[in-house]
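The structure under discussion appears below in the form of structure tokens.
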Amino acid sequence: MKAIYILCVRQLKRYVRSPARIIGSLGQPILFLVALGFGLRSMFARAGGGDYINFLSPGIISMAILFNAVFSGIEIIWDRQFGFLKETLVAPVSRLEIVLGRMLGGAIVALLQGIVVFVICLIAGFRIQNSPYLLLAVVFMFLIALLFAGIGTVFGSVLQDMQGFPLIINFLIMPLFFFSGAIFSANGLPEVLRILLRLNPLSYGVDGLRGACIAVFAYGLKTDLAIGAALTGILLALGSYFFSRIQL
Amino acid sequence: MGDMIAVRDLVKNYGDFCAVNHVTFHVPEGRIFGFLGPNGAGKTTTIKMLTTVLDPTSGSIRVNGHDPTREQKQVRRSFGIVFQDPSLDDELTAYENMDLHGILYGVPRPERRERIDMLFDFVGLSERKKDLVKTYSGGMKRRLEVARALLHAPRILFLDEPTLGLDPQTRNHIWSYIQQLSKEEGVTVFFTTHYMDEADRVANEVAVIDHGKIVAQGSPGELKERTKCANLEDAFIALTGHAIREEEANAVDRMRIMGRAWRGAGRR
């Protein structure tokens with residue numbers, strides 16, 4: 001247990017000590033929020049969708065969490081390169097404890113980053129709609145963080161170097177984000193896309209977070225929670241499995 | 001005294017390439033054992049298998065009486081290691097690196113603090129213990145790694161080129177401490193080095209490995225006698241030849257080179 005705790009603390013220390021990373025990873029969400037949010041706001045309102053900033057913000061918050069969590073898993077590759085991974089792998093603690101510490105630490109960092117973006121969204125005009133589920137927002141944010149820390153860990157464990165990284169971002173992470181309902185709703189989409197949204201694990205996180213903030217669910221609170229939690233469990237297990245198979 | 005490390009018929013293949021080819025040796029408790037060989041001879045691969053991070057293709061290994069492939073926890077508790085490449089967290093302070101290691105190895109807090117302070121004193125880093133490791137020079141990092149490997153008072157110390165890049169003063173200092181550990185506390189030391197004078201001076205026994213096979217084994221004196229050479233370096237060359245070895249860079253090595261280029265030369 002102590003190993004999980006100390007590896008978690010390590011991630012947090014590294015996060016707090018690198019302001020460049022904190023600010024750097026805010027760039028993309030802010031860009032999307034401003035460009036899409038304000039760019040499409042009037043069109044969205046004219047189409048009868050309400051305030052687009054309100055619709056979009058949970059998606060943008062999810063995006064920040066998603067990228068930070070995946071990156072925390074991919075960091076295994078850095079630790080492999082700069083050697084620290086070896087130090088943990090020869091220690092007399094189980095790989096499970098090590099990987100749980102890493103994923104938990106990564107997820108907490110991603111959650112913190114999500115909260116920062118949450119505040120930025122509030123400043124940009126995001127208004128929480130008197131939702132009875134508001135407390136659940138943090139739960140959904142943390143679920144997204146854990147789930148993608150698991151996905152990142154799978155790739156961080158399997159890849160030997162950073163050359164495969166752009167491939168993952170462009171062919172997995174970006175599509176997951178775009179087809180999650182983060183920037184548009186499933187209503188009126190072609191059937192293929194609607195199925196795609198349904199199959200995307202992020203969809204349930206985004207929907208849960210949006211529902212918790214503005215009380216509008218596409219799939220329903222229970223579905224979001226159940227599927228989100230189940231998928232998170234599966235991904236954490238997968239991350240642990242692949243990490244346990246690392247050889248130096 | 002029994003064998004702390006016993007290796008029989010050890011083989012590691014990477015596809016068609018045989019990195020370690022039917023290697024057999026044993027290291028009795030309390031001895032200082034030098035594992036020598038040119039680049040790419042199979043030294044690091046052997047250490048990886050002894051230290052549980054790589055599974056052998058075949059053969060048997062016992063470290064402190066345990067099998068590294070099955071009884072990993074017992075084996076890991078027995079040894080401390082200084083890797084060939086840096087293995088510190090640059091973004092943490094030296095103290096935090098030590099403390100993290102102590103926690104991972106289950107050293108209780110009061111003992112941990114005491115030993116950390118003692119070891120910082122020993123490697124002469126007490127003044128800098130609160131600094132981030134990324135501000136350390138290469139030599140300081142190396143000293144910190146040696147201190148860290150000793151923190152949990154291991155029975156076996158693996159040192160993979162521990163004195164690479166250190167000045168003679170620091171090398172001497174570290175080796176005399178290690179000799180003292182071996183003599184007074186019976187710690188078994190397994191090391192690799194390219195400095196033959198070092199091996200000659202500190203090792204009770206050396207094994208020379210080349211192309212994955214052990215080509216000679218014995219005390220430095222015996223090896224010199226057998227090859228009729230005045231020093232171990234000449235004996236080493238007599239045993240392994242003059243050809244310069246090419247090491248194939250793996251993915252991690254390539255990335256390390258890339259990383260170094262990005263971070264600017266001279267950082268590490």
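The values are calculated or read from the model by the stated rules, or taken from the named source; none is laboratory data. Keep in mind that what you see is a predicted model, and the values were worked out from it rather than measured. Here the Cβ positions follow ideal geometry from the backbone for every residue, glycine too, while neighbour counts run over all protein chains shown.
Remarks
- When each of B:L54, B:L104 is tested for being closer than 30 Å to B:S126 by Cβ, within 11 Å of chain A (Cβ to nearest Cβ) and out of contact with any Gly (no Cβ under 8 Å at 6 or more places or on another chain), the lone residue that passes is B:L104.
- Residue match in the stretch B:205-221 (condition: modelled with pLDDT of 90 or more and closer than 26 Å to B:Y136 by Cβ): no
- Among all positions in the stretch B:107-125, there is at least one residue which is within 14 Å of chain A (Cβ to nearest Cβ), within 18 Å of A:E87 (Cα to Cα) and in contact (Cβ under 8 Å) with a residue 40 or more places away in the chain.
- Single residue of A:F217, A:F243 found to be among the aromatic types (F, W, Y) and either buried (at least 21 other Cβ atoms within 10 Å of the Cβ) or not in a loop (DSSP other than H, G, I, E, B) (or both): A:F243
- When residues of the stretch B:132-165 are limited to those that are under 13 Å from the mean Cα position of the chain (by Cα) and β-branched (V, I, T), the one modelled with the lowest pLDDT: B:T163
- Test: A:S42 is within 22 Å of A:I144 (Cβ to Cβ), hydroxyl-bearing (S, T, Y) and part of a helix (DSSP H, G or I): no
- A:L100 being within 19 Å of the chain's Cα centre (by Cα) and away from chain B (no Cβ under 14 Å): no
- Failed item in (1) under 21 Å from A:I108 (Cα atoms); (2) modelled with pLDDT under 95, with A:L147 passing the rest: (2)
- Test: residue in the stretch A:23-35 that is without any contact (Cβ under 8 Å) to a residue 24 or more places away in the chain, more than 12 Å from every other protein chain (Cβ to nearest Cβ) and not small (G, A, S): yes
- Residue in the stretch B:35-45 that is hydroxyl-bearing (S, T, Y) and either at pLDDT 95 or above or buried (at least 16 other Cβ atoms within 10 Å of the Cβ) (or both) present: yes
- Applying the criterion of at least 3 residues that are closer than 28 Å to B:K48 by Cβ and of a type in the set (S, T, Y) to the helices (runs of 4 or more DSSP H) found wholly in the stretch B:168-241 leaves B:168-185.
Okay, residues lined up against (1) without any contact (Cβ under 8 Å) to a residue 60 or more places away in the chain; (2) within 23 Å of A:L238 (Cβ to Cβ); (3) away from chain B (no Cβ under 14 Å):
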residue	(1), (2), (3)
A:L56	no, no, yes
A:A69	no, yes, yes
A:E75	no, yes, no
A:V93	no, yes, no
A:A124	no, no, yes
A:G150	no, yes, yes
A:S157	no, yes, no
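- Scanning the stretch B:12-56 for residues that are among the aliphatic types (A, V, I, L, M) and out of contact with any His (no Cβ under 7 Å at 6 or more places or on another chain) turns up B:A19, B:V20, B:V23, B:V27, B:I32, B:L36, B:I47, B:M49, B:L50, B:V53, B:L54.
- Residues considered: B:D99, B:D85. Of these, the only one that is at the interface with another protein chain (Cβ under 10 Å from one of its Cβ atoms) and under 21 Å from B:F158 (Cβ atoms) is B:D85.
- Only one of the numbered conditions (1) in contact with a Lys or Arg (Cβ under 6 Å, 6 or more places away or on another chain); (2) within 18 Å of A:F84 (Cβ to Cβ) is violated by B:V53, and that is (1).
- Selection from the stretch B:46-63 of residues that are surrounded by fewer than 22 Cβ atoms within 10 Å (Cβ to Cβ) and not β-branched (V, I, T): B:L54, B:D55, B:S58, B:G59, B:S60, B:R62
- Whichever residue in the stretch B:7-51 is touching an Asp or Glu at 6+ places or on another chain (Cβ under 7 Å) and within 13 Å of another protein chain (Cβ to nearest Cβ) and, among such residues, is nearest to A:A91 (Cα to Cα): B:I47
- Residue within the stretch B:83-97 that is in contact (Cβ under 8 Å) with a residue 24 or more places away in the chain and over 20 Å from A:G83 (Cβ atoms) present: no
- Number of positions in the stretch B:97-111 that are acidic (D, E) and farther than 22 Å from A:R95 by Cβ: 1
- Within the stretch B:126-139, being away from chain A (no Cβ under 14 Å) and in a helix (DSSP H, G or I) holds for B:S126, B:E127, B:R128, B:G139.
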